[in-house]
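Have a look at the structure below, then the notes.
The values are calculated or read from the model by the stated rules, or taken from the named source; none is laboratory data. Everything quoted here is computed from the prediction, not taken from an experiment. Heads up, the Cβs are rebuilt from the backbone with ideal geometry, glycines too, and the neighbour counts pull from every protein chain shown. Surface accessibility is based on the protein's heavy atoms, side chains included, excluding ligands, DNA and RNA. Shrake-Rupley method; radii C 1.70, N 1.55, O 1.52, S 1.80 Å.
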Amino acid sequence: MNSLLITGGRVIDPASGFDAPADVLIRNGVIEAVGANLRGDGCPVLNAQGSIVAPGFIDMHVHLRDPGLEHAETIETGGKSAAAGGFTTICCMPNTIPVNDSAMVTSYILQRARETSPVNVYPIGAITKGSLGEELAAIGSMKDAGIVAISDDGRPVMNARIMRRAMELAKALDLTVIDHCEDLNLSAGGDMHEGPQSVKLGLRGIPSASEDVMVARDLLLSELTGARYHVAHLSTKRSVAMVGFAKSRGLNVSCEVTPHHFAITDEELCTYDSNYRMKPPLRRDEDVEAVIEGLVSGVIDAIATDHAPHAGSEKMQEFERCPFGITGLDTAIGLSLAELIHKGRISVNRMIALFTTGPAGILKLDRGTLRPGAPGDVTVFDLDTKWTYDVQQSFSKSRNSPFHGRVFRGGPVATVVGGSIKWTRN
Amino acid sequence: MADLLKTRGLLDIESLDRGTIQELLDRAKFFQPGPGETYKRLESLKGKTTVNLFFEASTRTRVSFEIAERRLGGDSISIAAQGSSTSKGESLVDTLNTLAAMRPHAVVMRHAASGAPQFVSRHLKLPIVNAGDGTHEHPTQALLDARTILDHRPTLTGLRVAIIGDIAHSRVARSNIHLLSKFGADIVLCGPPSLLPQELAQMAPGVRLSWNMQDALAGADVIMMLRVQLERQYESPMLASEYFRFYGLRPEHVELASPHVIVMHPGPINRGRELSSEVADSQRSVILNQVENGVAVRMAVLERILG
């Protein structure tokens with residue numbers, strides 16, 4: 001097992017409230033101590049002078065495309081991209097081929113991760129068989145095999161009765177239910193957010209209401225069943241308001257937002273660049289503002305990337321023919337610093353919480369803190385170094401990022417998983 | 001602007017300025033044939049090859065581009081997508097790259113996907129003339145419509161124009177809204193609610209919406225009827241039999257408009273669906289003038305880009 005002494009950084013651990021210059025000592029893959037002038041007794045040293053040393057960042061929403069779509073991403077390449085983006089743990093959605101709706105697929109993912117991924121990988125299981133929305137998947141066996149939540153991400157369960165049954169079972173199994181909230185009838189055929197921009201561009205609209213009605217339905221079902229419920233990649237001001245209302249009434253609900261939904265709007269689509277095509281679609285200024293206010297107020301619990309790699313040829317088509325989704329692991333910290341920290345919207349402490357205690361709490365992961373005894377996962381990042389994102393240099397197999405060429409201020413410096421350095425800048 | 005037209009071609013009306021549009025319209029007037037004549041024969045496109053690439057069926061637009069290209073002394077080839085390698089699964093960019101390797105000087109393209117010319121233009125160093133993209137724009141149609149109006153009226157400024165029908169799915173409407181608005185026309189858009197998104201009012205200055213035909217037509221100087229684009233609709237916005245009753249143009253409607261009103265339609269017309277035969281064949285109808293101006297306007301555009 002690996003030992004490492006991380007010296008000279010500003011250590012911030014939201015879980016314990018620690019925020020001071022200090023060293024972090026990891027011994028045998030586990031946090032041993034955080035404090036001044038620690039001694040490593042000959043173990044490797046990582047100099048974190050000028051950087052922030054935080055618990056390992058967790059991305060609770062990625063697509064690794066493995067099994068079945070390995071031309072777009074694998075557990076190995078997605079894992080490497082995560083490490084380079086400052087993440088030590090990722091949770092992968094079940095929309096692979098086959099769908100992760102059985103213990104066998106769950107076990108495959110975990111085994112491949114152990115063999116090839118530099119970061120921790122937790123699978124999320126399907127809610128229904130094949131994510132077809134008709135009959136419940138083998139949720140209990142998947143739980144035993146290692147899933148941390150269930151979701152039919154991308155193909156939401158339209159039948160409220162089946163969703164109710166899934167929530168009841170999830171409650172009994174102590175699993176979180178994650179929903180990609182989209183009423184497929186309202187959004188059918190849609191290309192982008194429905195509004196002035198879609199009307200001008202002649203692209204078919206996806207109304208905010210297609211998200212809002214599903215958030216409303218799910219919150220009601222969560223109240224009915226008592227299940228722990230989480231809204232994936234929420235994007236509208238009304239959804240933020242409804243989750244806030246549900247929380248104020250004491251419901252066991254949470255939500256996440258992606259960096260692109262707080263960084264850019266549907267104005268970007270004027271070039272018909274398919275790298276701006278995703279679900280939920282990029283929305284309006286007022287939605288971006290509401291989402292950022294949700295991050296400030298605490299209504300939003302986590303930042304997740306929805307990293308959705310697609311092979312180049314799939315995105316090199318007419319806008320309306322391209323698949324939805326963009327990559328996100330490489331740019332999440334950079335975008336969060338740009339939009340949330342450098343613009344003075346939230347504290348660095350709060351930002352770290354959104355990447356650590358937030359997702360760890362939602363999924364009940366024993367991670368996201370630097371307390372002694374916790375896994376030795378550490379994310380080192382800085383606030384000021386200028387760098388330019390070159391998507392061609394990404395470890396991901398795919399190149400579908402709209403942020404190619406963007407200049408960032410601050411970003412990941414080193415990624416430590418289980419006491420072992422998995423990635424460093426330069 | 002001149003440079004952009006020469007390098008990128010004509011992708012849309014939205015990004016053109018009023019001066020450029022006026023120049024194109026003035027030049028199109030020069031190309032109009034006199035009574036009993038055909039279009040002028042020039043050599044502006046001598047040695048220039050144009051590929052007309054039609055991924056969507058078209059008769060009048062394709063033929064009018066072909067005639068324009070030939071009257072200007074250029075060489076042209078027309079390709080219907082059904083007969084090309086796209087039906088063998090080749091991607092749009094690959095098709096265009098293949099054509100580009102044969103060194104044409106410009107591509108005229110019609111495509112069912114909104115933004116297809118913008119997409120191609122990013123990956124290809126060749127001027128593209130948009131001959132209609134999905135439900136986005138149809139710039140040469142707006143130019144020929146403006147030319148036709150100006151053949152009957154001294155100016156577009158202050159003109160009351162009613163555009164009636166399936167606005168939501170109409171690239172003709174979008175290009176016309178941009179063009180007419182740049183010249184200060186008053187535009188009323190009229191159609192059933194699901195074909196008339198409220199956001200249209202924000203598209204350009206001078207645009208007003210109405211669900212009521214009588215209201216939209218009151219005092220109109222120009223009536224533009226649109227084809228009901230069944231192929232682009234996911235579900236019927238209203239019963240087909242009711243459409244003509246509420247939004248079909250009949251002689252009694254024309255009475256509500258200005259006494260010198262002209263009636264336009266981009267074609268092909270659906271008699272008895274968007275407008276009655278009496279109106280289509282009446283003195284008020286300038287539908288054939290539009291077709292005639294199609295060639296003149298496309299000559300002006302091609303000459304400006306390639307000449």
In degrees, nearest ten, helix B:92-101 long axis to first principal axis of chain B (Cα) = 50 degrees
query = Do any residues of segment A:197-211 lose at least 40 Å² of accessible area when the full set of protein chains is present rather than just their chain alone, and if so which, with a 1.4 Å probe?
reply = A:Val199, A:Lys200, A:Gly202
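With a 1.4 Å probe and all protein chains left in place, how much accessible area per residue does the protein assembly as shown have, in Å²?
In whole numbers, the protein assembly as shown has 37 Å² accessible per residue.
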ask   = Which of A:Thr271, A:Ser16, A:Ala172 sits farthest toward the positive end of the charge dipole of chain A, with +1 on the Cβ of Lys and Arg and -1 on the Cβ of Asp and Glu?
value = A:Ser16
key: Global size of segment B:139-286 as Cα Rg and Dmax, reported in angstrom   = 13.8, 41
query = Rounded to the nearest 10 Å², what accessible area does A:Cys270 show when all protein chains are kept and the probe is 1.4 Å?
reply = 70 Å²
ask   = Accessible area of A:Lys237, 1.4 Å probe, to the nearest 10 Å²?
value = 70 Å²
query = What accessible area, in Å² to the nearest ten, does a 1.4 Å probe give for A:Glu32?
reply = 90 Å²
remark   = Kirkwood calc, segment B:1-101, C-alpha pairs only, radius in angstrom 15.8 Å
request  = Give the share of C-alpha pairs in each 10 angstrom bin for the protein assembly as shown, from 0 to the last occupied bin, in whole percents, shortest bins first.
outcome  = 3, 14, 21, 20, 16, 13, 9, 4, 1, 0, 0
query = Does anyone have the angle between helix A:75-84 and the longest principal axis of chain A? Alpha-carbon axes, 0 to 90°, nearest 10?
reply = 60 degrees
ask   = If you line up the Cα atoms of chain A on their principal axes, what length do they span on each, largest first, in Å?
value = 62, 46, 43
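In debye, nearest 20: dipole of segment A:1-156 around its Cα centre with unit charges on the Cβ of K, R (+) and D, E (-)?
The dipole of segment A:1-156 has a size of about 260 debye.
Do the alpha carbons of any pairs in A:Lys200/B:Lys6; A:Lys80/A:Lys315; B:Lys6/B:Lys125; A:Lys129/A:Lys279 sit beyond 19 Å of each other, and which pairs?
Beyond 19 Å between Cα atoms: A:Lys200/B:Lys6; A:Lys80/A:Lys315; A:Lys129/A:Lys279.
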task = Report, in debye and to the nearest 20, how large the dipole of chain A comes out about its Cα centre when Lys and Arg carry +1 and Asp and Glu carry -1 on their Cβ.
result = 500 debye
ask   = Largest first, how would A:His233, A:His71, A:His342 line up by accessible area (1.4 Å probe)?
value = A:His71, A:His342, A:His233
task = May I ask you to rank A:Arg39, A:Arg321, B:Arg153 by accessible area, largest first, using a 1.4 Å probe over the protein chains only?
result = A:Arg39, A:Arg321, B:Arg153
note = Quick shape summary for chain B, equivalent ellipsoid via Cα gyration tensor, semi-axes whole Å in descending order, reads 32, 22, 17
request  = Could you work out how far helix B:287-306 tilts from the main Cα principal axis of chain B, as a 0 to 90 degree angle to the nearest 10?
outcome  = 30 degrees
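Is there a simple number for the mean count of other chain Cβ atoms within 10 Å of the Cβ of residues in A:266-275, and what is it?
Going residue by residue through A:266-275 and averaging, the value is 3.
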Dipole-positive endmost among B:Phe119, A:Leu221, A:Ile97 within the protein assembly as shown (Cβ charges, Cα centre) = B:Phe119
query = What does the charge dipole of the protein assembly as shown about its Cα centre add up to, to the nearest 20 debye, if the Cβ of each Lys and Arg holds +1 and the Cβ of each Asp and Glu holds -1?
reply = 1060 debye
Total accessible area lost when A and B pair, probe 1.4 Å, Å² to nearest 100 = 1700 Å²
key: Accessible area in the full protein assembly, largest first, 1.4 Å probe, for A:Met214, B:Met102   = B:Met102, A:Met214
task = Select from A:Met242, A:Pro281, B:Ile305 the residue farthest towards the positive end of the dipole of the protein assembly as shown; place +1 on Cβ of Lys and Arg, -1 on Cβ of Asp and Glu, and compute about the Cα centre.
result = B:Ile305
